[in-house]
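Everything below concerns the one structure shown next.
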Amino acid sequence: MNKVLFGIVTISVVALLSVGIVSAFGFGNGFMNQDMTEEEKTEMEQFREQVRQSVEAGDFESWKNLMQSRLTEENFQRIQERHAERNAFREANAETMEAIKEAMKSGDIETAKNLKQQIGMEKGNGRSGYQKMNCLSNE
């Protein structure tokens, strides 16, 4: 019984880590990839499917190799660039973003929507947020 429980916990932890890493690095999280070509989107979907299959099969080595294949200097530089862009966006729009939060808290969805449009956040609502920058939901 302990071996079965250990196996279930191990698979659950691997699945959780897999989702966390993919999301953290933006390889499975659409908000960081809105400027992708169709070919890049297809490649990302294939990668996600391979990760899912590795996790479901409990194949740590396959999952580890997939994760390591994304740890490149080019991807790191992209992450740095996106980070800098989000920080610049937050700084440039801090007052408006605070007003959006307040409008949402008070239930004034229309005001929040209008404010989002003013700073280029027309699309999205909720956790996956707007397509311009996804920083309100991360605070």
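Laboratory data are not the source of any read-out in this text; all were calculated from the coordinates shown. Predicted model, so just to flag it, every value in this text is computed and none were measured. Methodologically, a virtual Cβ is constructed for each residue, glycine included, from the backbone with ideal geometry; neighbour enumeration extends over all protein chains shown.
Bridging of K64 to aspartates and glutamates at a Cα separation below 17 Å is possible for E49, E56, once same-chain residues fewer than 8 apart are set aside. Subtracting the Cα-Cα distance of L71 and N87 from 0.36 nm times their residue separation leaves 3.5 nm of extension gain. The lysines within cross-link reach of K116, meaning a Cα-to-Cα straight distance under 27 Å and a gap of 8 or more places when in the same chain, are K41, K101, K105, K132. The modelled label-to-label distance between T37 and R52, using points 7 Å beyond Cα along the C-beta direction, is 2.5 nm. Note that region 101-116 has calculated 3J(HN,Hα) couplings of 4, 5, 4, 5, 4, 7, x, 8, 5, 5, 4, 4, 4, 5, 5, 4 Hz, one per residue in order, obtained from phi through the Karplus relation 6.51 cos²θ - 1.76 cosθ + 1.60 (θ = phi - 60°); glycine and proline are x.
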